[in-house]
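Engineer: Quick one: structure below, then a few questions.
What follows is calculated from the coordinates using simple rules that are stated; it is not laboratory data. In this text the structure is predicted, and so the values were computed from the model without any measurement. When we count neighbours, we look across all protein chains shown, and the Cβ atoms used for this are built from the backbone with ideal geometry, even at glycine.
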Amino acid sequence: MSLVLLLSLACTHNKTQVADSGGTTSTISTVVGDCDPTVGIPVGNLGDPTEFFAADAHADVFGTEAPDPWAVHLGFPSRDASTSVSMLWRTDVDTMSSLVEFGPAKGFPKGASQVAGYTFLYGSGEIGTGAYRMHEVRLCGMLSPGTTYSYRVGGEGHWSDSTTFSTPEPAGSVDTFRVAFAGDSRDDMTTWGAILAAIDAHSPDLIVFSGDMVMFGSNQEEWDDWFAATGTVLARTPFLSSHGNHEFLAQNYFAQFGFPGNEEWFAYDYDDMLLLSLNDTVRDPDQIATEQRTFIQDELGATTLPWRIATHHKSAYSVCTTHGSDKTVRAAWSDAFEDGGVQVVAAGHNHIYERSVPIHNEKKVAPGQGTVYLVTGGAGAPLYNRVKDEWFNAVNNPVNHYIIADFGPTQVDMVVRDINDNIIDQFTVPR
Ligand SMILES: [Fe+2]
């Protein structure tokens, strides 16, 4: 969870000119809606948060060890994917420059703007000892829907390679958008890299992960391996995850990703889809049936978007006997999903692929009358192959896999492929 400490620099909430870098004036964007350009200090379950300070990011200072941006990826400082985005990356601890140069893809960097952000240290050690430096620049309300941008991060003399990303079309536009689903990479980064490369070959607009990226969420070496396996994909393609039990609410998780809201449970509007991402490994177990259930009901009651998709980690419906169905989650959330018109829920935790029949009130219903529950826990963690017969199961298959979903005006077409790109399931869910 991010502890939002507003820094004096941005408290005016005006566009603020900051120091020059290479002769170009940089700005920090203004607060727009739910997007605050200031960056909070991440607080996980490790470390004393008072030991970690956000720093002015516009200082034109580079370290000597590893000043070049590493693990550059997109973040989400707002629920509105069409107008706001952030860029996050790592450097050595002495590098303070946190600049993004972005602009129209054509002719980049011609016509580009330079935006400054923030940098902070995180980790389980004291600053300078076992600490890691993160940089985050938030472009609040600075983007237009349906547009491709180029960008690079770092600062003069230490820019990353430039890359592109695209914002979604505005809600209500008649179009098709593609979302990839996967989960549970956990302890096999070779398989994770292969799954992500296979996903990337389908050019999804958005990647949604159902948690358990690594084995020990407080082990930075595992995170470094996880990011190394992602190559440049997450710099180009928005990636959102749910918090899994193996993330352990660690500071490393909250520091390295920029998700909307409190980063544990959040809503994200992408094109014609409301995505609800929930946390079923919480500090206080009561949060599942209270705060998060209310959050689900409020969001589904308020949205006007036709596609309503949810993701979290521990499957509410699973025939895999390793973990089985999580009855706590099912009791707390399933009726809210089903009554609120959620078409598909994607979870993991059980390392297998599963699809349920459409369900409403713990009964099989006709397509379009209930929610389809997917288990997509096959991105690297050891597979679980013990299953039992259950009334709710339509398909189960213990293989490494990923899901490509094409959301259209009337239906979503979902294709599930194994790591060799063999189709292992294919189905349609009506809107
Ligand atoms: Fe798990």
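Engineer: Please list, in chain and number order, the residues 5+ apart from GLY141 or on another chain whose amide H is under 5 Å from its amide H, with Hs placed from the backbone.
Structural biologist: Those lying under 5 Å, H to H, from GLY141 are SER84, VAL85.
Engineer: Which far-off residues, 5 or more places away or on another chain, put their amide H under 5 Å from the one on LYS314, with H placed in the peptide plane?
Structural biologist: So LYS314 has HN proximity to ASP280, GLY348.
Engineer: Out of ALA379, ALA194, ALA316, any idea which swings most in a Gaussian network model of the chain, alpha carbons joined below 10 Å?
Structural biologist: ALA194
Engineer: Now, a different point. Short version: ³J(HN,Hα) in whole Hz for each residue of the range 355-363, in order, from phi by Karplus 6.51 cos²θ - 1.76 cosθ + 1.60 (θ = phi - 60°), x for Gly and Pro, what are they?
Structural biologist: Taking θ as phi minus 60°, the curve returns 10, 8, 5, x, 10, 9, 6, 6, 9 Hz for the range 355-363.
Engineer: Taking the number of other C-beta atoms within 10 Å as the exposure measure, put PHE216, PHE102 in order starting with the fewest.
Structural biologist: Fewest to most other Cβ atoms nearby, the residues stand as PHE216, PHE102.
Engineer: Do any trypsin sites (Lys or Arg not before Pro) in the range 329-426 lie in a DSSP loop with no more than 12 other beta carbon atoms within 10 Å, and if so, which?
Structural biologist: In loop regions of the range 329-426 (DSSP not H, G, I, E or B), the sparsely surrounded trypsin sites (Lys or Arg not before Pro) are ARG386, LYS388.
Engineer: Show that you can apply the helix-only estimate: for the chain, add -39,500 (n - 2.57) for every DSSP H stretch of four or more residues, divide by all residues, and state [θ] at 222 nm to the nearest 500. Display every interim value, and only then the final one.
Structural biologist: Details: 6 runs with 49 residues, N = 431.
Here the helix-only value at 222 nm equals -3000 deg cm²/dmol.
Engineer: Pulled fully out, how much extra length does the chain show between GLU156 and MET215, if you take 0.36 nm times their separation in residues and subtract their Cα-Cα distance?
Structural biologist: 17.6 nm is the gain from fully extending GLU156 to MET215.
Engineer: A further question follows. In what order do VAL395, VAL416 fall by count of nearby beta-carbon atoms within 10 Å, going from fewest to most?
Structural biologist: VAL395, VAL416
Engineer: Would you calculate the separation in nanometres between label points at TRP70 and VAL415, each defined as 7 Å from the Cα along the Cα-to-beta-carbon direction?
Structural biologist: With each label placed 7 Å out from Cα toward Cβ, I get 3.7 nm.
Engineer: Out of ALA346, ALA255, ALA331, any idea which swings most in a Gaussian network model of the chain, alpha carbons joined below 10 Å?
Structural biologist: Of the options given, ALA331 has the highest mean-square fluctuation.
Engineer: A further question follows. Set the Förster distance to 30 Å, then compute FRET efficiency between ASP175 and ILE424 from the Cβ-Cβ distance, nearest 0.05.
Structural biologist: 0.60
Engineer: Specify whether the C-alpha gyration tensor of the range 177-430 places it in the rounded, prolate or oblate class, a ≥ b ≥ c being the square roots of the eigenvalues: rounded for a/c under 1.5, otherwise prolate if a/b is larger than b/c and oblate if not.
Structural biologist: The shape class here is rounded.
Engineer: Run the paramagnetic zone check for THR147: 7 angstrom along Cα to Cβ, then residues of the range 165-186 with backbone nitrogen under 11 Å.
Structural biologist: Those under the cut-off are 167.
Engineer: Moving on. Sticking to Cα atoms, compute the Rg of the chain to one decimal and its Dmax as the biggest Cα-Cα distance, whole number, in Å.
Structural biologist: Spelled out, the Cα radius of gyration and Dmax of the chain are 20.9, 67 Å.
Engineer: When a footprinting reagent is the concern and you count Cβ atoms within 10 Å, what order do ARG293, ARG152 take, fewest first? Before the final figure, lay out each step's value.
Structural biologist: Working: ARG293 17, ARG152 21.
Result, fewest neighbours first: ARG293, ARG152.
Engineer: I want the antiparallel fraction of DSSP beta bridges within the chain, as a percent rounded to 5.
Structural biologist: 80 percent
Engineer: According to the square roots a ≥ b ≥ c of the eigenvalues of the Cα gyration tensor, what is the shape class of the range 274-379, taking rounded for a/c under 1.5, prolate for a/b larger than b/c otherwise, and oblate for the remainder? Don't jump to the answer; show the numbers that get you there.
Structural biologist: Values: a/c = 1.62, a/b = 1.12, b/c = 1.45.
Cα axes put the range 274-379 in the oblate bin.
Engineer: Using a 10 angstrom cutoff on alpha carbons, build the Gaussian network for the chain and name the most mobile of ASP272, ASP389, ASP94.
Structural biologist: In this elastic network of the chain, the residue with the biggest mean-square fluctuation among ASP272, ASP389, ASP94 is ASP389.
Engineer: Here is a further query. Whole-Hz Karplus ³J(HN,Hα) for the range 426-431, in order, using 6.51 cos²θ - 1.76 cosθ + 1.60 and θ = phi - 60°, x for Gly and Pro?
Structural biologist: Using θ = phi - 60°, the values come out as 8, 7, 10, 10, x, 6 Hz.
Engineer: Between GLN297 and SER203, what is the FRET efficiency for a Förster distance of 30 Å, r being their Cβ-Cβ separation, to the nearest 0.05?
Structural biologist: According to the calculation, E is roughly 0.30.
Engineer: Using r as the Cβ-Cβ distance of ALA331 and VAL61, and R0 as 60 Å, what FRET efficiency do you calculate, to the nearest 0.05?
Structural biologist: FRET efficiency, ALA331 to VAL61: 0.70.
Engineer: Another question, then. With both partners inside the range 177-430, how many of the DSSP beta bridges are antiparallel, as a percent to the nearest 5?
Structural biologist: That works out to approximately 65 percent antiparallel.
Engineer: Tell me, what HN-Hα J-couplings in whole Hz come from the Karplus equation 6.51 cos²θ - 1.76 cosθ + 1.60 at θ = phi - 60° for each residue of the range 79-84, using x for Gly and Pro?
Structural biologist: With coefficients 6.51, -1.76 and 1.60, one gets 6, 8, 6, 7, 10, 9 Hz.
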